[in-house]
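Contents: one structure, followed by commentary.
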């Protein structure tokens, strides 16, 4: 398993668990994570918290999967997006339960897209968000081409995408990429509080129209 799951009272805490690879996303992790998110509403929880092991959220796609022997055909990037990454992001965006990301350290490339697909992001003061796709000749994927400009605007989104420059936690808060910033030792608690609050809120009773 490349992820760990734990029920904490009424929350499902999902931990990306490849610390030696900075929790980089590989084929197995993406499939496992999607299954966990899709099954969460049947587990009797009110919300999910998504975090990374080892003080890092996620370094993006594990590029070791892209290493091929000399002369062998390159893997189909479109296939990996269409069959794995896009369905994962859709599962997060359409999950009926609130999902809160607790981000420590780097959230890079697809890892940034993964965090920003969640309903809320609580970032540690040591968090860094970087759209690193340009460094490997790609355009932002994993939902980032929509979530980032929707949050920060066209100019800032273009700067993040084209320059691949890290955005620190305080800047991310000021730009609207994240909901809150907390010390590293408190970010998990803050994310859990937010997920629980969202998951236990009761919608108001509809008012009877005055004309009835």
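We did not get these values from a lab; they are worked out from the coordinates using the rules stated. Quantities reported herein were computed from a predicted structural model and do not represent experimental measurements. Cβ atoms come from the backbone with ideal geometry, glycine included; neighbour counts cover every protein chain shown.
For the reader, a short list of remarks on this structure follows.
- Separation in nanometres of the label points that stand 7 Å from Cα toward Cβ, at residue 126 and residue 174: 2.3
- Residues within the reach of a label modelled at residue 150 (point 7 angstrom out along Cα to beta-carbon, backbone nitrogen below 19 Å), restricted to the range 162-182, are 172-180.
- The range 3-200: C-alpha gyration tensor shape, a/c 1.5 cut-off, then a/b vs b/c: oblate
- Inter-label distance for residue 9 and residue 94, nm, one decimal - labels placed 7 Å from Cα along Cα-to-Cβ: 3.2
- Cα→Cβ-extended label distance, 7 Å offset, between residue 136 and residue 186, nm: 3.6
- Per residue, the average separation of C-alpha pairs within less than 8 Å and at least 6 apart gives the range 3-200 a relative contact order of 21 percent.
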